[in-house]
Amino acid sequence: MGNSQKFRPTIILIALNVAFYIYTSVVGGNFLETSTDMILKYGQVNLFIIHNGLYYQLFTSMFVHANIAHIAGNMVFLLIFGLRGEEMFSLPEYLSIYLLGGLTGNLLSLLLLPLNVPSVGASGAIFAMFGAATIYARHTVSQSIIGALIYAFFLLFLSSGPGVNNFAHIGGLLTGLLIGYVLAARRKPEARYTISYSYLTFP
């Protein structure tokens, strides 16, 4: 079991996302929807990253959300999968999964999204946490990881749609699956259980 529960990184990350949404709402002048100016400044815009060197957007875009429904949905899933991850991973492992997953999703978006299409949201990082927790749980109880992979990609399919950055989701999910598998493979089980059976015999 991880030791990240006492630090509650999930609650801290949710607070950071909400705080950043409040900041962009106040500065942008609209609480229900993030202004275009804020999205262009803090979201991921490949044109600005490549031609203007705004590399910070690869990180800040993980904390920007398009509207109140966007952040509400993402924070619900972060709460669900994040609390699950706290039970499995240490604090450095947890943060590595979240941040590397989000960054990998954004880098994949940098390669494949059109230059002028902005991308915002924490979903790549959340998919990373989901993937890591799912495959870690299956591997540590010696179950086939095929079921975990099917479940992960089924959720990926359900989350796809118009206006959704599928590249961020895919990059985050693959990163989480990889890190979760490596951690499960390297960690020694705390206990092994042997099941024995006894039979009653009758004369």
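Tabulated results
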item	result
Near pairs, Cβ below 6 angstrom, 6+ apart or cross-chain, from region 126-141 (more than 16 Å from HIS169 (Cα to Cα)) to any residue that is crowded, with 24+ Cβ neighbours inside 10 Å	ILE135/LEU177; ILE135/GLY180; TYR136/GLY180
Residue check for HIS65: outside any helix (DSSP H, G or I) and either of a type in the set (A, V, I, L, M, F, W, C) or without any contact (Cβ under 8 Å) to a residue 60 or more places away in the chain (or both)	yes
Check on ILE126, among the β-branched types (Val, Ile, Thr) and over 11 Å from the mean Cα position of the chain (by Cα)	no
All helices (runs of 4 or more DSSP H) inside region 115-201 with 2 or more residues being at pLDDT below 70 and surrounded by 14 or more Cβ atoms within 10 Å (Cβ to Cβ)	146-159
Qualifying position, being under 18 Å from SER123 (Cβ atoms) and surrounded by fewer than 18 Cβ atoms within 10 Å (Cβ to Cβ), among LEU79, LEU47	LEU79
Inter-residue pairs, beta-carbon under 7 Å, first aromatic (Phe, Trp, Tyr) and at pLDDT 95 or above and in region 2-23, second in a helix (DSSP H, G or I) and surrounded by 13 or more Cβ atoms within 10 Å (Cβ to Cβ), 6+ apart	PHE20/PHE63; TYR21/ILE71
Single unsatisfied condition, GLY102 versus (1) farther than 28 Å from ALA137 by Cβ; (2) surrounded by 15 or more Cβ atoms within 10 Å (Cβ to Cβ); (3) of a type outside the set (A, V, I, L, M)	(1)
Residue in region 1-44 that is farthest from PHE127 (Cα to Cα), counting only those that are out of contact with any helix residue (DSSP H, G or I) (no Cβ under 7 Å at 6 or more places or on another chain), of a type in the set (Gly, Ala, Ser) and part of a helix (DSSP H, G or I)	SER25
Condition broken by LEU79, with the remaining ones in (1) under 12 Å from the mean Cα position of the chain (by Cα); (2) over 23 Å from PHE31 (Cβ atoms) satisfied	(2)
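The values are calculated or read from the model by the stated rules, or taken from the named source; none is laboratory data. Just so it is clear, the structure is predicted and the values come from calculations on it, not from any experiment. Virtual Cβ from ideal backbone geometry, glycine too; neighbours counted across all protein chains shown.
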